[in-house]
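Inspection log for the structure reproduced underneath, given as C-alpha cells.
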There are 2 protein chains.
Amino acid sequence: MKRILVDMDGVLVDIYPMFFKLHEQETGQRLNIKDIAGQLEEEAFPNQRKWVSTPGFFQSLPVMQDSRESLMRLNNFYKVIVVSLATEFPYCLTDKLLWLNDNFPFISWQQIVFSGDKNIIKADIMIDDHFKNLDHFKGRTILFTQPHNILIRNSSHTRVSSWAEIEKLLLP
Amino acid sequence: MKRILVDMDGVLVDIYPMFFKLHEQETGQRLNIKDIAGQLEEEAFPNQRKWVSTPGFFQSLPVMQDSRESLMRLNNFYKVIVVSLATEFPYCLTDKLLWLNDNFPFISWQQIVFSGDKNIIKADIMIDDHFKNLDHFKGRTILFTQPHNILIRNSSHTRVSSWAEIEKLLLP
C-alpha cells in the first residue's frame, strides 16, 4: 500500500477565511484573494505569526470542502499520514491534534506526524500547498491551489484546486 | 552527515522518578526498580496513561543525566532529530515542545518530530528505550536501559546505560 503525506493548513484546513477575518478586525482593511495572490501567508497578513502562535487559534478552523469524505475514501486504498510542519509554535500542536480528532476521527493517532521537516518522512505521494515541501520530495507531488501559490503556473507538481480532483487522480 | 533519531521519554527525559512518586502518592505503595523490572510503564503503573494525558505533566520532568551536554556534542557531528511517539495524547504535545525549548534550546524546531510511527522517518541511527521502535528500524540501533527493558539480555541492539556510553559509541 502506497503512503501519502497529506498536509493540514491549506489542504485539510480551510485557513484563509480566518486570516481575512482577523486581518479586517485588526486593521479595518478588507482584503480579497486578488490583493494577496502570490504572497506567502506571513507576507499577506503581517499578524499571521501572532495568530498561529495563539492558543486556541487552530481549534475553530473550518474543514476544507469535501476533504473529510475524500480522505475517508483514500484511507481505504493508501496508508494516509497527516503531516503538519508545526513544531515552531508550541500551542498549535495540541490544538491541531484536537482538531484532527474532532474532524477526522477515522485518522488514528498512528497516522499523524507533526514535524519540523517533511522531507525526512518516507512516502510515495505528497499533497501540499507549499513549494518548500513539494520541491524536495522524491515521490509524486500534488500542489493544492491556495492564494500564495496561485501565480506560479509552471512547476513539476500536479496542481489541483479541489478534493474532487485529488480523488480523480488517486482513486481507482 | 548521518541522521540520528533520539527518543525523549526514558532517553532525554528521566521519567521514572516521577512515575514512582505519583504511584506512591496515589496508592501509598513505594515501588523500586526491582519490583517493576521487565514490565512496560503502563503495566508497572496502572495510572500511567492518566498521568501522561494530564496537561502539564511533561513540563516539570527532569533531564536525563548528561544528556544535554552529550546531545550538544553529537549535534556537531550528526543531523540530530528528537522524535517522540506522542500523538496519542493531545496535551503532551505542547508540553513536550515547551520542555524541549526550555531544556535543549540548541535543538531547533526543524529538528523535532512528534509522530505516531517512528519507522516512517528516514535516518541512520536510532537511540530509544523501546523494542517496538528499535526492532523495525533498518539502521544502527542503540537501546537505552530502562526498567521495562532491563531483563532482555539478548537483542540485536547495542545496549547503553548512560549518555557517556553513547558518546563513546558515536563521537570520534
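Couple of notes before you dig in:
- Other-copy label distances relative to A:Phe131, 7 angstrom Cα-Cβ extension, nm: 4.9
- Each other copy places its own label point for A:Arg30 at 7.1 nm from this one, sorted shortest first, where the point lies 7 Å along the Cα-to-beta carbon line.
- For the pair the stretch A:1-49 and the stretch A:150-172, the centres of their Cα atoms are 19 angstrom apart.
- Here the label points at A:Asp102 and B:Leu31, each 7 Å from Cα along the C-beta direction, are separated by 3.5 nm in the simple model.
- Per-residue shielding of A:3-9, expressed as the average number of other chain Cβ atoms within 10 Å of the residue Cβ, stands at 0.
- Neighbouring Cβ atoms from other chains, within 10 Å of the Cβ of residues in B:72-83, number 1 on average.
- For the protein assembly as shown, the antiparallel share of DSSP beta bridges with both residues in that region comes to about 15%.
- Excluding same-chain neighbours fewer than eight residues apart, the aspartates and glutamates reachable from B:Lys34 by a Cα-Cα span under 18 Å are B:Asp14, B:Glu24, B:Glu42, B:Glu43, B:Asp129.
- Here r is the Cβ-Cβ distance between B:Gln65 and B:Ile152 and R0 is 22 Å; the resulting FRET efficiency, rounded to 0.05, is 0.45.
- With label points defined 7 Å past Cα in the direction of Cβ, position B:Asn47 shows copy-to-copy spacings of 4.3 nm, given to one decimal and shortest first.
- In a simple Cβ point-charge model (Lys, Arg +1; Asp, Glu -1; nothing else charged), the stretch B:22-146 has a dipole of about 400 debye relative to its Cα centre.
- Shielding value for B:102-111 is 3, the average number of Cβ atoms from other chains within 10 Å of each residue's Cβ.
- This model, with +1 at the C-beta of Lys and Arg and -1 at the C-beta of Asp and Glu, gives the protein assembly as shown a dipole about its Cα centre of some 1000 debye.
- Inter-part distance where the stretch A:50-66 and the stretch B:72-133 are each reduced to a Cα centre, Å: 24
- Short to long, the 10 Å bins of the Cα pair-distance histogram for the stretch A:1-131 hold 11, 42, 34, 12, 1 percent of all pairs.
- Helical content alone sets the calculated 222 nm signal of the protein assembly as shown at -9500 deg cm²/dmol, taking -39,500 (n - 2.57) per DSSP H segment of four or more residues and averaging over every residue.
Throughout, read-outs are computed from the coordinates displayed, never taken from laboratory work. Predicted model, so just to flag it, every value in this text is computed and none were measured. Cβ atoms come from the backbone with ideal geometry, glycine included; neighbour counts cover every protein chain shown.
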